[in-house]
Amino acid sequence: MCEQECLDMTPLEMAVGCSFGIFRSMRGDNKKVSLEDFRSMLREQLPGESQASADEIFSFTDLDEDGYVDYKEFMVLFTACAVSNHEHYLELKAQRQQQSSEAQCALPMGGRTIMEFATVALISVFEAHACGDDKLSKEEFRVLMKEQLPGFTQEDVEELFSCADENKDGSMEFKEFCTMFFTFACLSYGLIEGLADKYSQQKQQQS
Ligand SMILES: [Ca+2]
Ligand SMILES: [Ca+2]
């Protein structure tokens, strides 16, 4: 990906791109990640996690228990990290508010690894639109989507909102926003994989 393409991406597109990048760099020929590669991915991307828990994290990430982590399973882990970082952010924000009603809480967690960078991007986009109550109204979500993923039609946005609003309270909390992001990332991955397969088939036919 060239630098200009990266600059043209919105933070949400960048977060999807980062998740692709991490996954593709560690998967094997079967397009899935083995336990060994998963261990090195955790070491690299989530250095705060102990290696002792790597095998445990692998076993709960490998939802279909086939001994590998596929992209969907990886994205379950990715969104779980984002939710956990967001909870941490809310705790810090509450502490700051107790200390001073004037204090603004900067997003914590830095961006030491690509995974952290991507989850922070997700939180930043959500927080910038979920004004005040840490939930997105339908209108706030519409504005967010127009800015972040402008390729979606109004009908798509309506459908995404109602699918993501799992508790049907008419607003989208961060966990639900992550469900929406998960769906979007998995759909995009399928599309990109399909295009890549088509391209390599064409190449083979030409040679
Ligand atoms: Ca699996
Ligand atoms: Ca909701």
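Just so you know, all these numbers are worked out from the coordinates, no wet-lab data involved. Please read these numbers as outputs of a predicted model, since none were measured by experiment. Every residue, glycine among them, receives a Cβ derived from its backbone with ideal geometry; neighbour counts consider all protein chains shown.
Residue order for Tyr199, Tyr71, fewest other beta carbons within 10 angstrom first, comes to Tyr199, Tyr71. Available extension along the chain between Gln202 and Arg24 is 61.9 nm, counting 0.36 nm per residue and deducting the alpha carbon span. If R0 equals 22 Å, the separation of the Cβ atoms of Ser59 and Ile192 corresponds to a calculated FRET efficiency of about 0.20. Put a plus charge on the Cβ of each Lys and Arg, a minus charge on the Cβ of each Asp and Glu, and nothing anywhere else: the dipole of the chain about its Cα centre is then about 480 debye. Could you grab the relative contact order for the range 3-206? Cα pairs under 8 Å, six or more apart, rounded to a whole percent. Result for the range 3-206 is 22 percent. Working from label points 7 Å from Cα in the Cα-to-Cβ sense, the Glu139 to Ser84 distance is 3.7 nm.
Could you compute the longest span of the chain free of trypsin sites (Lys or Arg not before Pro) located in DSSP loops and having at most 14 other Cβ atoms within 10 Å, not counting the site residues?
Maximal segment without exposed cleavage sites: 32-111.
For Lys198, a cut-off of 21 angstrom between C-alpha atoms picks up these lysines, skipping any fewer than 8 places away in its own chain: Lys31, Lys32. Between Asp37 and Arg96, the modelled label-to-label distance comes to 3.9 nm, taking each label 7 Å out from Cα in the direction of the beta carbon.
For Ala118, neighbours were defined as the other residues whose beta-carbon sits under 13 Å from its Cβ, and their charges (Lys and Arg +1, Asp and Glu -1) total -1.
Specify whether the C-alpha gyration tensor of the chain places it in the rounded, prolate or oblate class, a ≥ b ≥ c being the square roots of the eigenvalues: rounded for a/c under 1.5, otherwise prolate if a/b is larger than b/c and oblate if not. It is oblate, given that a/c is not under 1.5 and a/b is not larger than b/c. Going from the residue with the fewest nearby Cβ atoms within 10 Å to the one with the most, Thr179, Thr113, Thr119 rank Thr113, Thr179, Thr119.
Near Tyr68: Cβ cut-off under 15 Å, other residues only, Lys/Arg at +1 and Asp/Glu at -1. The net charge is -4.
Sorting Ile22, Ile114 by the number of Cβ atoms found within 10 Å of their own Cβ, with the fewest placed first, yields Ile114, Ile22.
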